[in-house]
Amino acid sequence: MNSITVRQVDAFTSVPHTGNPAGVVLDATGLSQPQMQSIAREMNLSETAFVLPATKHGADVRIRWFTPTVEVPLCGHATIATFHALSEEKLLGMSAAGKYSFNLETADGILPVEVDRREKTNFIFLGLKVPEFEKVPHLKVDLVRLLGIPAVEFDNRIPILRDSYLYVFIRRLHTLFTMKPNFLNISAFLSSRNVSGLCLYTLETIDRESKVHSRFFAPNCGINEDPVTGSSHGPLGVILHDHGLLAGVDGVCSFQGEQGDAIARRGRVRVEVTGEGGKAVSVRIGGQAVTVLRGDMVVLE
């Protein structure tokens, strides 16, 4: 039987067994899509990343991401985890300390990645597309029922918004920590509206230096709760910026987002938003990672 080397890397943290764990396969050449899905199912993490040669002009490397049940077009934390592992192995030319820039091929387009390779750690930034949002305030009635929280706990300063995810502004951190979501019903609700995740956020935080605390649910994609979600923090930055809730210097707003504390997987995400005329024109997310496991896995033929 053939086997491959698989890593488990905790992203958006420097402390093992916190943050968001991702599976990483640094050489997925020759693996079929069913084999990748089987490996992701066996890893049973929110996402497993598979590194492949680039197929698009201008790209340096390609990644595909799988939850235990489906392939997804992009995953923030698994990208941070992957480039951390690539740096650890001194791949893609990262043989010495310094800053390295790459163009990453994804199903969501080619995205910029910057790796700050340091002596004892790495800090990785991933550039994301600036999303366009649709206001969906009528969904509040359904969300009150699905989340088990009263309507008064919704913060009306920002309406419920959607792109590929739903973004719901909540007044209090206590509400986020004590809510009891119905995952089965949330899954059906999101699937029926062609939405792949639900992000709830508040400006009440645990750490003084943080700006936003969030929780993220995607049971329709095989993830009841994602510990720390990179792909939601970029849009969160855009939302807060465009609604005047971020302060910037020379047009750049930089802040820390926090997630995972409610499920004992504390993680912290750095978000940078560049704006012009009150509107975000670029956004990127960043963080650290730590490898906690490395081993060989049998690949089914």
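Only residues that are surrounded by 20 or more Cβ atoms within 10 Å (Cβ to Cβ) and either more than 21 Å from the chain's Cα centre (by Cα) or more than 30 Å from M43 (Cβ to Cβ) (or both): list them for the range 276-301, please.
A280
Looking only at the range 261-276, decide whether some residue is over 23 Å from R215 (Cβ atoms), of a type outside the set (S, T, N, Q) and free of Cβ contacts under 8 Å to residues at least 12 places away in the same chain.
No, the conditions are met nowhere in the range 261-276.
May I ask you to list the residues in the range 23-44 that are of a type in the set (A, V, I, L, M), touching a Pro at 6+ places or on another chain (Cβ under 9 Å) and open to solvent by 20 Å² or more (accessible area, probe 1.4 Å)?
M43
Please determine whether any residue of the range 81-91 is part of a helix (DSSP H, G or I) and either in contact with a His (Cβ under 9 Å, 6 or more places away or on another chain) or open to solvent by 30 Å² or more (accessible area, probe 1.4 Å) (or both).
yes
Of everything in the range 57-74 that's farther than 12 Å from D108 by Cβ and part of a loop (DSSP other than H, G, I, E, B), which residue is farthest from the chain's Cα centre (by Cα)?
Ranking the qualifying residues of the range 57-74, first place goes to H57.
Identify the single condition in (1) open to solvent by 10 Å² or more (accessible area, probe 1.4 Å); (2) in a strand (DSSP E or B); (3) of a type in the set (A, V, I, L, M, F, W, C) that V113 does not satisfy, given that it satisfies every other one.
(1)
From the set of residues in the range 3-22 that are open to solvent by 10 Å² or more (accessible area, probe 1.4 Å) and among the small types (G, A, S), which is farthest from I80 (Cα to Cα)?
S3
Give the residues of the range 251-267 that are among the small types (G, A, S), modelled with pLDDT of 95 or more, open to solvent by 30 Å² or more (accessible area, probe 1.4 Å) and not in a strand (DSSP E or B), sorted by residue number.
Matches in the range 251-267: A262, A264.
Pull out all pairs, ordered by first then second residue, where Cβ-Cβ is under 6 Å, the residues are six or more apart or on different chains, the first lies in the range 174-201 and is within 17 Å of T229 (Cβ to Cβ), and the second is among the basic types (K, R).
L176/R215; L200/R215
Show me the strands (runs of 3 or more DSSP E) entirely contained within the range 117-231 in which 2 or more residues are open to solvent by 10 Å² or more (accessible area, probe 1.4 Å), modelled with pLDDT of 95 or more and touching a Lys or Arg at 6+ places or on another chain (Cβ under 7 Å).
Qualifying strands (runs of 3 or more DSSP E): 122-128.
Have a look at L91, L86 and point out the one that is at pLDDT 95 or above and under 21 Å from the mean Cα position of the chain (by Cα).
Every option except L86 fails the conditions.
Quick check, is R270 basic (K, R) and open to solvent by less than 30 Å² (accessible area, probe 1.4 Å)?
no
The values are calculated or read from the model by the stated rules, or taken from the named source; none is laboratory data. Everything numeric here is computed off the predicted structure, so don't read it as measured data. Methodologically, a virtual Cβ is constructed for each residue, glycine included, from the backbone with ideal geometry; neighbour enumeration extends over all protein chains shown. Please note that ligands, DNA and RNA were not included when accessible areas were found on the heavy atoms of the full protein model with its side chains. Shrake-Rupley method; radii C 1.70, N 1.55, O 1.52, S 1.80 Å.
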